[in-house]
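Asks: Sharing a structure, written as structure tokens. Questions coming.
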Amino acid sequence: MGRIKSLNKWANTHTNYPIDILRIALGSFLFIKGIDFMGNTQVIMEFIKPIQSMLGGMLVISYIAPAHFIGGLLIVFGLLTRWAVFAQLPILIGAIIINFVGEMDTMNLIITMLVFLLCLFFLFYGSGRHSIDKYLKMQQ
């Protein structure tokens, strides 16, 4: 009986690893996209070309790359995860709209929808058990 209790206790403490790995993968993807957008501003200009008349072009470019770069780092470490995800949502909604207004790229749409759904999940779920947010909360 003691063996079953110890296995159950181990399972309860280690069940959040897949969710933490998913959070780290999402943050890494956003971080890499941020680096990519910083190096290739023409890519962002091509993406926002269909709606450039509605938005300030430089304002959008100045927001997208740093939001992905810094937000991705914060999500990887689990620090201010909900705020970092909340900063990603307008970018992802804009990317979904651009796919329907401009030239339809199915692969970009699928990736954007997947990242959007993951961001919505972490907006409600939070950082997870193995994060800096949880560590700082336990130190209080």
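Asks: Residue under question is residue 79, and the condition is that it be under 26 Å from residue 18 (Cβ atoms), in a loop (DSSP other than H, G, I, E, B) and touching a helix residue (DSSP H, G or I) at 6+ places or on another chain (Cβ under 6 Å); does it hold?
Replies: It is true that residue 79 is under 26 Å from residue 18 (Cβ atoms), in a loop (DSSP other than H, G, I, E, B) and touching a helix residue (DSSP H, G or I) at 6+ places or on another chain (Cβ under 6 Å).
Asks: Just to be sure before I move on: is residue 110 in a helix (DSSP H, G or I), modelled with pLDDT of 75 or more and among the aliphatic types (A, V, I, L, M) in the structure I sent?
Replies: On the way: in a helix (DSSP H, G or I): yes; modelled with pLDDT of 75 or more: yes; among the aliphatic types (A, V, I, L, M): yes.
For residue 110, the condition - in a helix (DSSP H, G or I), modelled with pLDDT of 75 or more and among the aliphatic types (A, V, I, L, M) - is met.
Asks: Which one of these does residue 64 not meet: (1) over 30 Å from residue 17 (Cβ atoms); (2) surrounded by fewer than 21 Cβ atoms within 10 Å (Cβ to Cβ)?
Replies: Failing condition for residue 64: (2).
Asks: Please pick out the residue among 45, 104, 38 that is assigned to a loop (DSSP other than H, G, I, E, B) and more than 20 Å from residue 19 (Cβ to Cβ). Walk me through how you get there before you give the answer.
Replies: Details: 45 fails: assigned to a loop (DSSP other than H, G, I, E, B); 38 fails: assigned to a loop (DSSP other than H, G, I, E, B).
The match here is 104.
Asks: To continue, here is another question. Going through 85, 60 one at a time, which residue ends up being closer than 15 Å to residue 25 by Cα, outside any loop (DSSP other than H, G, I, E, B) and of a type in the set (A, V, I, L, M, F, W, C)?
Replies: Within the list 85, 60, the selection yields 85.
Asks: For the stretch 84-140, what are the residues that are crowded, with 18+ Cβ neighbours inside 10 Å and in contact (Cβ under 8 Å) with a residue 60 or more places away in the chain?
Replies: Passing the criteria: 115, 118, 119, 122, 127, 128, 131.
The values are calculated or read from the model by the stated rules, or taken from the named source; none is laboratory data. Bear in mind that the values here come from a model prediction, so they are computed numbers and not experimental data. Cβ sites come from the backbone with ideal geometry, for glycine too, and all protein chains shown count toward neighbours.
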